[in-house]
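Notes follow once the structure below has been shown.
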Amino acid sequence: MLCKELKEAFVSKGKAANRDSLIVAASVSAEKATIDASYQVPQIAMHLDFINDITAPYTRDPRTQGTKHSNTDYAMRYWRDQGAPAQKLNLGLAAYGRAFDLSTASSDVGAPANGPGEEGCYTGEEGFWAAYETCLYLDGVTTQLIPDQRAPYATTENQWVGFDNEDSLDIKVSYLKMNNFGGAFLWSLDLDDMNGELCRMGSNPLISHLYNLLVADHHNTYHNHNNVVHHNSTYHNHNNAYDHNSLYQNHINAYDHNSTYHNHIIAYDHNSTYHNHNNADHHSSTYHNNGNAYIHHSTYHNHHNAYDHNSLYHNHINAYDHNSTYHHNNAHYHYQYTCRP
């Protein structure tokens, strides 16, 4: 089996080079018929680190309709129920919009359409608009929400487009966390507004927002700081100290395993539930992991240079505000494009 042989080869190469193994991931169908016909789910799941469930493009042809199986929740649960560990399943999100050419004045969901929408300004594909092209289309247009799907769409003249935005990402990430799924992936990197010039929301607004939701915003209830190994403690560890079983925490060269509070250094306030840590980073979020840390078995992602084997989410790097719902960049951009789909 390809997945098995590839995983074994990666592990072998890693051991030979005294490095961690490369990650093996697969992007898979979300359609029930394809899953049943194409995948031995328990077998491939054993050898994959991540399973990327392509849940975004269910229906492309405007003359066809989805089935009862054509929804994200069904697909994710079906993969899980067929034997894929929930923590390996990543939810697919779209950095593009699907556009249709309406044939009547009706713009409600299910309204008749002649076919795909107009070509995008830059991608040049009918009915397929990159996120940055969708932003051009939405300039001055009111976005509406499909109530039962919690998905945004917009119409102008005879063009209808459905897409993902920050609000829909919020909803989907809340869903995957609630169900203990592994994380999410965005298809694809080149379709986001790389320079922030078209959407005027900063560089890569969708990717940045997704990063904040999964990585920078509210990590786990447990903390890891500055090159430490964190095994079982309920709370956290600081510089170069090991806390294996204590209920609370320890700090530089000082162990306090049983006290309700702590010994610390240099002006830490430890009566609050959360903490301020080195270099004026404000970490009032419920969950977090700080710089130079590497997660191996977290539900979400991998980063650098320290191990956290039990965290539910994952680490992040350098200077993020963990109270902000969104991610704001400092650069100023000038809107100078007039091209519309």
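The values are calculated or read from the model by the stated rules, or taken from the named source; none is laboratory data. Because the structure is predicted, anything quoted here is derived from the model rather than measured. Note: ideal-geometry Cβ built from the backbone for every residue, glycine included; neighbour counts use all protein chains shown.
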Counting just the residues of region 1-18 that are part of a loop (DSSP other than H, G, I, E, B) and out of contact with any helix residue (DSSP H, G or I) (no Cβ under 8 Å at 6 or more places or on another chain), which one comes out surrounded by the most Cβ atoms within 10 Å (Cβ to Cβ)?
-> 17
Report, ordered by the first and then the second residue, all pairs with beta carbons closer than 9 Å, sequence separation of six or more or different chains, a first member in region 138-160 that is outside the structural domain of residue 120 (by TED's automatic domain parsing), and a second member that is surrounded by 13 or more Cβ atoms within 10 Å (Cβ to Cβ) and of a type in the set (Asp, Glu).
-> none
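Here is a yes/no grid of residues against (1) surrounded by 14 or more Cβ atoms within 10 Å (Cβ to Cβ); (2) among the hydroxyl-bearing types (Ser, Thr, Tyr); (3) in contact with a His (Cβ under 7 Å, 6 or more places away or on another chain):
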| residue | (1), (2), (3) |
| --- | --- |
| 131 | yes, no, no |
| 140 | no, no, no |
| 144 | yes, no, no |
| 147 | no, no, no |
| 152 | yes, no, no |
| 155 | yes, yes, no |
| 158 | yes, no, no |
Subset of region 178-201 [under 24 Å from residue 85 (Cα atoms), of a type in the set (A, V, I, L, M) and crowded, with 19+ Cβ neighbours inside 10 Å] = 184, 186
Please state which one of 155, 104 is polar (S, T, N, Q) and assigned to a loop (DSSP other than H, G, I, E, B).
-> 104
